[in-house]
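Below is one structure, written out as structure tokens; the observations come after it.
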Amino acid sequence: MEEISNCSTKVCVTGGSGYIGSWLVKKLLEKGYVVHSTLRNLDEKLKVGLLKSLPNAETRLVLFQADIYNPTEFEAAIEGCHYVFHVATPMQHNTQSSKYKDTCEAAIAGVKSIADCCIRSETVKRLIYTASVVSASPLKEDGVGYKSAMDESCWTPLNLSYTFSNEFTMAYTISKTLAEQEALSYNEIENGKLEVVSLACGQVGGDTLLSYVPSSVAVVISLLTGNLSCYNGLRFLQELLGSIPLVHIDDVCEAHIFCMEIKQQSLRGRFLCAAVDPTIQEMAKYYQQNYPQLLKISEELVGGPDRGCNCDNGKLREMGFEYKYDMKKILNDSVDSGNRLEALGTYFTVGPCSFEKVSY
Ligand SMILES: NC(=O)c1ccc[n+]([C@@H]2O[C@H](COP(=O)([O-])OP(=O)(O)OC[C@H]3O[C@@H](n4cnc5c(N)ncnc54)[C@H](OP(=O)(O)O)[C@@H]3O)[C@@H](O)[C@H]2O)c1
């Protein structure tokens with residue numbers, strides 16, 4: 001049995017100032033870990049200020065500057081750490097860089113460099129990669145129909161085209177799929193010296209520490225904001241995955257920490273991380289029943305099946321992980337974030353299911 005004493009355990013979180021990264025750093029500090037976190041630019045006062053203001057940050061948080069387009073920069077942050085959470089991913093291509101032709105090449109190079117640093121460090125036991133369900137489409141190879149369920153054996157076919165995709169969603173899907181495969185391949189390198197776990201997370205909703213609505217929450221509440229670009233993101237997910245695997249930000253971060261703290265000698269491989277798998281129809285129905293004044297997407301746009309493809313989250317649960325947030329909590333907390341950060345504009349919550357219009 002492996003015993004972890006939090007205050008002497010150093011962990012690294014790449015991308016600590018993002019939506020998932022900041023929540024993860026907060027939880028790790030609360031649990032007493034020493035956290036090394038990377039940001040692309042330490043001169044960004046808002047991002048640095050947010051992390052430095054977290055409880056225990058003063059004594060247990062060290063910030064490092066590192067960019068995936070310059071992946072050797074992660075070495076200093078990883079040195080001396082016992083666990084590494086690779087959360088950061090390039091969302092937009094850095095056109096100033098001639099090193100990589102797109103985000104996919106950069107993401108793969110980032111994974112390689114970080115995994116190599118972990119091996120060289122001789123202290124890192126496990127690398128936990130924040131993957132996405134977009135890499136685990138249950139679509140059949142020819143794109144006609146879905147397999148019986150989405151599980152860890154599913155890999156997204158990368159040669160298909162989709163009605164609701166765009167340049168960004170395709171680049172993201174390809175880069176998350178190939179980067180996750182690259183990360184998992186390290187389980188076979190140097191006799192598996194480094195343990196690699198990938199957590200293929202569903203669309204993340206809920207609360208946030210950020211001062212703006214994170215893009216994944218914007219997608220979750222797009223039926224209410226009427227933001228068509230975000231709503232097309234939702235439609236793309238349903239087309240790719242047969243449903244919308246959803247997970248609460250707190251469960252996502254708990255799952256990451258669970259994969260680090262698990263009391264067994266070794267943990268490797270791929271785990272789906274999604275609590276529920278509604279269709280857009282089911283989400284629309286919930287919003288219609290609970291936030292009828294807010295619903296902005298008209299009925300004819302709410303297409304797709306009543307019941308979709310199941311996302312089988314059994315592998316992580318069988319390891320002992322328990323999800324605390326169901327669809328109701330994920331959607332309610334996402335709406336509350338949207339309200340608090342004024343993405344929903346003219347309403348504020350006066351109870352879990354009731355809204356009062358305050359201004360136009
Ligand atoms: N949110 C979801 O629904 C969801 C679902 C499944 C998987 N994921 C995965 O979770 C991770 C975090 O996503 P998120 O939702 O938290 O997004 P986010 O808020 O946009 O965070 C992205 C993070 O990546 C960092 N980053 C971007 N380009 C970088 C680069 N070139 N070099 C170094 N860091 C870079 C950003 O760092 P700076 O702040 O320094 O710019 C930021 O911390 C990603 O790997 C994403 O694929 C997210």
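Points to keep in mind about this one:
- Whichever residue in the stretch 205-228 is of a type in the set (A, V, I, L, M) and open to solvent by 10 Å² or more (accessible area, probe 1.4 Å) and, among such residues, is farthest from residue 342 (Cα to Cα): 228
- Restricting the stretch 1-23 to residues that are in a helix (DSSP H, G or I) and within 16 Å of the ligand (Cβ to nearest atom), the residue that is farthest from residue 111 (Cα to Cα): 23
- Search result, residues across the stretch 68-80 that are surrounded by 23 or more Cβ atoms within 10 Å (Cβ to Cβ) and more than 9 Å from the ligand (Cβ to nearest atom): 77, 78
- Boolean, residue 56 is more than 15 Å from the ligand (Cβ to nearest atom), open to solvent by 10 Å² or more (accessible area, probe 1.4 Å) and modelled with pLDDT of 95 or more: yes
- Unique match (being over 21 Å from the mean Cα position of the chain (by Cα), open to solvent by 10 Å² or more (accessible area, probe 1.4 Å) and more than 13 Å from the ligand (Cβ to nearest atom)) among 194, 160: 160
- Condition check for residue 99: of a type in the set (Lys, Arg) and within 12 Å of the ligand (Cβ to nearest atom): yes
- Flag if residue 86 is in contact (Cβ under 8 Å) with a residue 24 or more places away in the chain, more than 16 Å from the chain's Cα centre (by Cα) and within 16 Å of the ligand (Cβ to nearest atom): no
- Count of residues meeting criterion [within 19 Å of residue 206 (Cα to Cα) and either in contact with a strand residue (DSSP E or B) (Cβ under 7 Å, 6 or more places away or on another chain) or open to solvent by less than 10 Å² (accessible area, probe 1.4 Å) (or both)] in the stretch 246-283: 20
- Screening residue 110 on (1) surrounded by fewer than 17 Cβ atoms within 10 Å (Cβ to Cβ); (2) within 19 Å of residue 177 (Cβ to Cβ) shows it passes everything except condition (1).
- Residue among 129, 172, 146 that alone is under 18 Å from residue 309 (Cα atoms) and either open to solvent by 20 Å² or more (accessible area, probe 1.4 Å) or within 16 Å of the ligand (Cβ to nearest atom) (or both): 146
- Every listed requirement among (1) outside any loop (DSSP other than H, G, I, E, B); (2) under 18 Å from residue 232 (Cβ atoms) is met by residue 137 save one, (1).
- Taking the criterion of being assigned to a helix (DSSP H, G or I) and either open to solvent by 10 Å² or more (accessible area, probe 1.4 Å) or away from the ligand (no atom under 12 Å from the Cβ) (or both), the residues of the stretch 113-126 that qualify are 113, 115, 116, 117, 118, 119, 120, 121.
- Residues in the stretch 150-186 that are touching an Asp or Glu at 6+ places or on another chain (Cβ under 7 Å) and within 26 Å of residue 116 (Cα to Cα): 171 only.
- Just one of the listed residues (45, 31, 26) is within 14 Å of the ligand (Cβ to nearest atom), open to solvent by 10 Å² or more (accessible area, probe 1.4 Å) and over 22 Å from residue 205 (Cβ atoms), and it is 45.
- Within the option set 215, 185, 222, being within 17 Å of the chain's Cα centre (by Cα) and polar (S, T, N, Q) holds for one residue only, 215.
The values are calculated or read from the model by the stated rules, or taken from the named source; none is laboratory data. The structure displayed is predicted, hence computed values, not measured ones. All Cβ positions, even for glycine, are placed from backbone atoms using ideal geometry, and neighbour counts span all protein chains on display. In case anyone asks, the SASA skips ligands and DNA or RNA and just uses the protein heavy atoms, side chains included. Shrake-Rupley method; radii C 1.70, N 1.55, O 1.52, S 1.80 Å.
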